[in-house]
Amino acid sequence: MTAFTSSSVSGLSRRALLRGGVAGAGLLALAACRSAADTASSPAGGSASPRRGGVITVGTGIDFTPSLLFAQSANTLVQRLVFNTLTRYDDKLQPQPELATSWQLGADGTSVTLKLREDVLFHSGRKFTADDVVFAVKNLQNPSRSAQLRSTAAAVTDFRKNGDFELTLVLAHPVSNLFDLFEFMIIPDSASVEDAVAGTKLIGTGPFTFTERKPGSSITFARNDKYWNPGRPYLDGVEIRIIPQAESLLSSLRTGQTHLSYGVRGKDVATLKGDPQFRIKQYDTGSGAYYIGANLTAEHVGDKRVRQAIAWAVDRDRLVQQALGGYGTVSSAPWPKSSPAYSEANATRYTHNPDKARALLKEAGLDSITLPFAHSNDPGNTAIAQILQYDLKQVGIETVLQPTDSPTMQKQLIAQSMPALWTLSHGFAQLQPATLAVSAYPFNEAKNSSRFSSPAYTEIVQKAWNRSDSSGPEAKALYQQITDVLLDEEFVIDLAIGGLVEVAGSKAVGTDLNKFGYLVLDDAYLTA
C-alpha cells in the first residue's frame with residue numbers, strides 16, 4: 001500500500017478514489033490522505049492557543065430521540081459527541097481518516113480493506129477492534145433500526161479479519177456511496193446498544209462521555225480524558241438545552257445563556273447579521289432541502305397533475321426570504337450546487353405560476369379541493385407551512401394544517417403513514433447522489449413515504465448506485481434520468497435548498513458539523 005499526502009490526494013478523481021486505482025500507476029490502493037493526528041493539529045476556526053476548560057451550551061428546539069440514534073433525524077447533535085465514525089468527508093467530499101487510518105478498494109469495487117486505529121478505547125475501557133466495525137455494519141442491517149443507509153450496509157455480505165485492526169468488507173456489488181456509509185455509521189458499544197436506543201446509556205469512543213439526560217429539558221456530557229485524539233477535546237463538557245420556543249432560543253443566545261445553536265429561525269438569524277457578538281455560518285453543502293411530500297394513496301394527490309399544480313403554485317422566492325431569512329436557494333430539484341447531479345435547468349423547472357397551477361387542476365377535473373397538511377410543530381416549520389398554505393389557497397387548494405411533533409413525523413415517514421400532504425426538510429442530496437434515492441425516506445426507490453413505485457425509477461436508481469464511479473459522464477447521465485422522474489412525478493415537491501445555519505456567540509470557537517449534521521466539538525473551545 002502506498003501512502004499519499006493530502007496534496008497528492010487532492011489531485012485524484014473521485015473515480016480513482018473509489019476504485020482504489022490511479023491510471024497508469026498500477027495502484028490498487030489509496031491510503032488515507034493524512035493521519036488522524038495531522039487532521040487534529042489545529043482547531044477549525046480557532047486561534048494558535050486554544051483555551052482549555054469550560055462547558056459549552058448548545059440550544060435546540062427539538063429533543064433528542066434515542067430510538068432514532070442510528071438515523072438522520074431532526075436532532076443529530078449527540079452522535080458525534082459520544083461516538084466516532086470510520087471516516088469523515090472534507091469540503092470536497094474526499095474521505096479523511098477517523099477510526100479507519102487507511103483503506104484499499106478491490107479492483108472490481110466489491111471489497112474494501114480497512115486499517116484501523118490501534119489506540120482507541122470505548123468509554124467503558126474496552127479496546128476498539130475490527131469486531132466493533134463488524135457489529136456496527138450488522139447493527140445498521142438490523143431491520144429494527146431506523147437507519148437510512150441500511151441498503152448500503154446490506155450490500156456488505158462478508159467480513160474477513162486480519163487480526164484485530166485490519167478488516168475486509170466484501171460487497172455483493174460495487175456501490176457509489178460507500179464513504180457516505182462510513183461517515184454516517186457511528187460505532188456503538190455492542191454490550192450497551194439496546195440501552196443506547198432506550199436513552200439510558202450511551203457508550204462510544206468519542207470525545208465526550210454521556211452523563212445525564214432529562215427528557216424535554218437537557219442532555220449533558222463530560223470530557224473523555226482517554227480520547228484517542230491527542231490533546232482533545234479542549235472543553236470540559238457539553239450541555240444541550242431543549243428550548244422549543246423560538247423567542248426563548250433567540251433570547252438565550254443574546255443573553256449568553258447558550259453559546260451555540262443550529263435551530264434559530266431564518267428570520268431571527270437575519271436580525272443578528274452585523275452584530276459583532278455573533279458568528280453566523282451557513283453550511284452550504286445543501287444538507288437540508290425544504291419540500292412538500294404527497295401521499296399518492298390519498299384522494300386527489302394520486303393524480304400527478306395535482307402534484308404538478310402544487311409545484312407551480314408555490315412562491316419559492318417569498319418562502320426563502322420570509323421563512324428562511326434569505327438563508328436558502330430556490331430550487332425545484334433536491335440537489336445543491338455542489339452536487340454532480342445539479343443543473344440550473346432542473347433547479348428552475350418550476351417557478352411561481354398560479355395560472356398554470358389552476359389550469360392543471362382544471363385538466364384534472366378539479367376546481368377546488370381540501371387536503372390535510374402536516375408539518376412539524378416547531379416555530380420555523382410552522383412559519384413555512386403557513387406560507388405554503390396561503391400559496392395553495394390562491395389556486396383553489398385549501399389545506400387543514402396538522403401540527404405534529406418531530407419524532408412522530410419521523411416515525412410516520414418511516415411507516416408510510418403521512419396524510420395527503422406534509423412539509424419537512426430532507427437531507428442526503430449533499431452526498432453521493434445515489435444515496436438520496438436508496439436511503440432518504442421521501443425518495444427511496446424500494447419504499448418511500450409517498451408510496452410511489454415505478455420499475456423505471458428503480459432501474460435507474462439501481463444503475464446509479466451499483467457502480468464505483470460516481471462523477472463520470474455515465475453517472476451524471478443517470479442522475480439526470482433520476483431527476484427527470486422526480487420533476488415529472490413530483491411525489492416530492494422540492495422548494496428550496498437550505499442547510500443548517502450556525503449561530504454562535506463570540507466565545508464559542510472551532511465548532512463544526514459533518515455532512516450528516518452531526519455536531520463535532522473535538523477542536524471547539526471557549527474564549528475567556
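Structure summary
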quantity	calculated
Sum of -39500 (n - 2.57) over DSSP H runs of 4+, divided by residues of the chain (222 nm, nearest 500)	-7500 deg cm²/dmol
Residues whose placed amide H lies under 5 Å from that of Gly54, excluding near-sequence neighbours	Asp236
Added length on full extension, which subtracts the Cα-Cα distance from 0.36 nm per residue, Gln402 to Gln94	106.8 nm
Computed lengthening from Ser338 to His173, 0.36 nm per intervening residue step minus Cα-Cα distance	56.7 nm
Net length gained if the chain between Asp367 and Thr200 were fully extended (0.36 nm per residue, minus Cα distance)	54.8 nm
The chain: relative contact order as a whole-number percent, Cα under 8 Å and 6+ apart	21 percent
With Cα atoms, 0 to 90° folded angle of helix 455-465 axis to the chain main axis	30 degrees
The range 109-224 - accessible surface per residue (Å², probe 1.4 Å)	36 Å²
Contact order normalised by residue count of the range 86-222, Cα under 8 Å, 6+ apart, percent	22 percent
Global geometry of the range 367-512, whether rounded, prolate or oblate, following the gyration tensor of its Cα atoms and the 1.5 cut on a/c	oblate
Links that overshoot a 18 Å alpha carbon limit, given the list Lys138/Lys447; Lys304/Lys356; Lys92/Lys273; Lys304/Lys476; Lys411/Lys447	Lys138/Lys447; Lys92/Lys273; Lys304/Lys476
Folded to 0 to 90 degrees: helix 406-415 orientation relative to the chain principal axis, Cα	80 degrees
Cross-link table Lys127/Lys337; Lys362/Lys515; Lys463/Lys515; Lys226/Lys267, entries beyond 31 Å C-alpha to C-alpha	Lys127/Lys337; Lys362/Lys515; Lys226/Lys267
Shape of the chain, Cα gyration tensor, a/c cut at 1.5	oblate
Centre separation in Å (Cα based) which lies between the range 210-275 and the range 411-427	28 Å
The range 214-287, relative contact order in percent, only Cα pairs under 8 angstrom and at least six apart counted	21 percent
Of all accessible heavy-atom area on the chain, the percent that carbon and sulfur account for (1.4 Å)	48 percent
Helix 354-363 axis, angle to the chain major axis (alpha carbon atoms, nearest 10°)	70 degrees
Distance in nm between pseudo-label sites at Ser454 and Asp119 (7 Å out along the Cβ direction from Cα)	5.2 nm
Accessible surface, per residue, of the range 250-341 when the full set of protein chains is kept, probe 1.4 Å, Å²	38 Å²
Rounded if a/c under 1.5, otherwise prolate or oblate - the range 82-183, Cα gyration tensor axes	rounded
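The values are calculated or read from the model by the stated rules, or taken from the named source; none is laboratory data. The structure presented is a predicted model; accordingly, all values stated were derived computationally and were not measured. As a convention, Cβ positions derive from the backbone with ideal geometry for all residues, glycine included, and neighbour counts pool all protein chains shown. With ligands, DNA and RNA removed, areas are computed over all heavy atoms of the protein, side chains included. Shrake-Rupley method; radii C 1.70, N 1.55, O 1.52, S 1.80 Å.
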